[in-house]
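Structure first, then comments.
The values are calculated or read from the model by the stated rules, or taken from the named source; none is laboratory data. Note that the coordinates shown come from a computational prediction; the quantities given were computed from them, not determined experimentally. Using ideal geometry, Cβ is built from the backbone for each residue, glycine included, and neighbour counts are taken over all protein chains shown. Heads up: the accessible areas ignore ligands, DNA and RNA and are worked out on the full protein's heavy atoms, side chains in. Shrake-Rupley method; radii C 1.70, N 1.55, O 1.52, S 1.80 Å.
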Amino acid sequence: MEKKNIDWSNLGFGYVQTDKRYVSTYKDGAWDDGVLTEDATITMSECACVLQYAQTIFEGIKAYTTADGRIVTFRPDLNAERFANSAARMEMPVFPKDRFVDSIKQVVKANEAYVPPYGTGATLYIRPYMFGINPVIGVKPATEFQYRVFTTPVGPYFKGGAKPITIRVSDFDRAAPHGTGHIKAGLNYAMSLHAIVDAHNKGFDENMYLDPQTRTKVEETGGANFLFVTKDNKVVTPKSPSILPSVTRRSLMYVAQKYLGLEVEEREVLFDEVKDFAECGLCGTAAVISPVGKIYDHGKEICFPSGMEKMGPTITKLRETLTGIQMGTIEAPEGWIVEV
Ligand SMILES: *Cc1c(COP(=O)(O)O)cnc(C)c1O
């Protein structure tokens with residue numbers, strides 16, 4: 001397989017059109033067989049439900065080349081499960097989980113020339129999504145849907161080492177109590193756009209959202225879950241019904257316990273106890289884990305002992321172990337690595 005002539009190590013995180021994508025249509029109560037197509041455009045009614053009422057959900061997964069040259073994805077069954085939960089909550093038909101995993105494999109295979117070689121740090125980002133496409137003007141769910149998967153090559157998340165970031169406690173909320181924070185819906189991101197632009201304008205990298213009801217407990221950022229390390233080396237992650245269950249965070253908690261022998265806790269985390277933690281990181285598919293050096297809270301600063309120069313020791317170990325599992329240099333738990 002001849003690879004595309006791309007400067008893999010200098011790719012950013014942007015959309016690069018690849019050759020093929022997958023489309024399946026839901027109509028009259030059933031999904032069609034689905035096809036790979038070269039057409040990267042979508043034509044729809046001006047009154048499509050997704051355009052008027054934001055009925056849309058998505059997933060994010062990576063394909064990459066392992067040390068021994070296989071093209072693989074990481075735990076796509078968990079994305080299939082989460083996508084099904086998102087669909088159900090948004091009154092959308094579930095795309096069968098086995099077909100979800102199969103469609104990902106098809107699209108990656110069809111775009112093999114865009115899967116970055118091992119060692120570049122780059123990956124092929126996979127974006128499955130679904131939206132209501134028929135005209136809807138009186139508020140109700142659509143009856144026709146498209147499920148699609150496209151891919152785009154993305155560069156290494158950290159160019160020249162992972163520098164700790166500075167985040168701020170947000171005065172905006174990302175999810176309402178009893179709302180949609182736990183599903184991967186476009187509407188949650190629409191909610192966060194103003195907050196992130198405002199954070200960037202004020203010199204912060206990300207927003208830390210607290211629970212919207214009491215503003216006393218840590219939830220997550222706009223697109224990543226929190227992991228904390230206590231001074232006695234326990235790994236703690238917040239528990240809340242409005243946090244999106246990150247595949248990366250769940251995998252890191254497993255790695256902490258089973259590979260590194262650390263104590264782990266998933267529990268409510270009060271903002272008041274954050275100042276006592278030794279390390280803080282943000283978990284998601286794109287970065288695996290990015291270190292947080294400082295949290296700004298309305299004029300006060302929390303500075304983690306790990307500092308602003310490099311990742312703390314436990315987060316470094318967690319990151320190295322999980323990326324080793326993903327790249328095939330450390331033995332993976334059964335079913336985590338799925339060959340394309
Ligand atoms: C996608 C997402 C994450 C990260 O989940 P992964 O499965 O690890 O990529 C975290 N928070 C939110 C709000 C997300 O949408």
Between L193 and D102, the two model label points (7 Å from Cα along the beta-carbon direction) sit apart by a distance in nm of 3.6
Linear extension gain, T216 paired with H298, 0.36 nm per residue minus alpha-carbon span:
28.1 nm
Using packing as a proxy for protection, rank 174-184, 298-308, 241-251 so that the peptide with the highest average count of other Cβ atoms within 10 Å comes first.
241-251, 174-184, 298-308
Per-peptide average of other Cβ atoms within 10 Å, ordering 231-237, 60-66 highest first:
60-66, 231-237
W31 - accessible surface, heavy atoms, 1.4 Å probe, Å² rounded to 10:
40
Looking only at lysines whose Cα falls under 21 Å of K109's and that sit 8 or more positions away or on another chain, we get K3, K4, K20, K62, K97
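What 222 nm value per residue comes from the helices of the chain, counting each DSSP H run with n ≥ 4 as -39,500 (n - 2.57) and dividing by all residues, nearest 500 deg cm²/dmol? Each step should come with its number before you reach the end.
Numbers: 6 runs with 72 residues, N = 340.
Taking each H run of at least 4 residues, the total per residue is -6500 deg cm²/dmol.
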What are the extents of the Cα atoms of region 156-285 along their three principal axes, listed from largest to smallest and rounded to whole Å?
40, 38, 27
Using Cα pairs under 8 angstrom and six or more residues apart, how large is the relative contact order of region 282-340, in percent?
21
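Semi-axes of the equivalent ellipsoid for the chain, please: Cα gyration tensor eigenvalues, times 5, square-rooted, ordered largest first, whole Å.
Taking √(5λ) for each Cα gyration eigenvalue gives 32, 26, 18 Å.
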Length gained if A113 through I330 is fully extended, taking 0.36 nm per residue and subtracting the Cα-Cα distance, is 75.5 nm
Take the alpha carbon atoms of region 272-321, find their center, do the same for region 117-136, and report the distance between the two centers in whole angstrom.
28
So what is the accessible area of the chain per residue, in Å², with the probe set to 1.4 Å?
46
May I ask you to compute the full-extension gain from N134 to D19, defined as 0.36 nm times their residue separation minus their alpha-carbon distance, rounded to one decimal in nm?
38.7 nm
Given 269-280, 310-321, 284-295, the highest-first ranking by average Cβ count within 10 Å works out to 284-295, 310-321, 269-280
Ignoring any ligand, DNA or RNA, what whole percent of the accessible area of the chain comes from carbon and sulfur when the probe is 1.4 angstrom?
51
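Out of every Cα pair in region 23-81, what percent are spaced more than 15 Å from each other? Present the calculation step by step, with values, prior to reporting the outcome.
Values: 1246 of 1711 pairs.
Of the Cα pairs, 73 percent sit more than 15 Å apart.
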Relative contact order (percent, whole number), the chain, Cα cutoff 8 Å, 6+ residue spacing:
19
Largest-first ordering by accessible area, 1.4 Å probe, given options M327, M1, M90:
M1, M327, M90
Under 17 Å from a label point 7 Å along Cα→Cβ of K275: give me every residue in region 223-241 with its amide N that close.
231
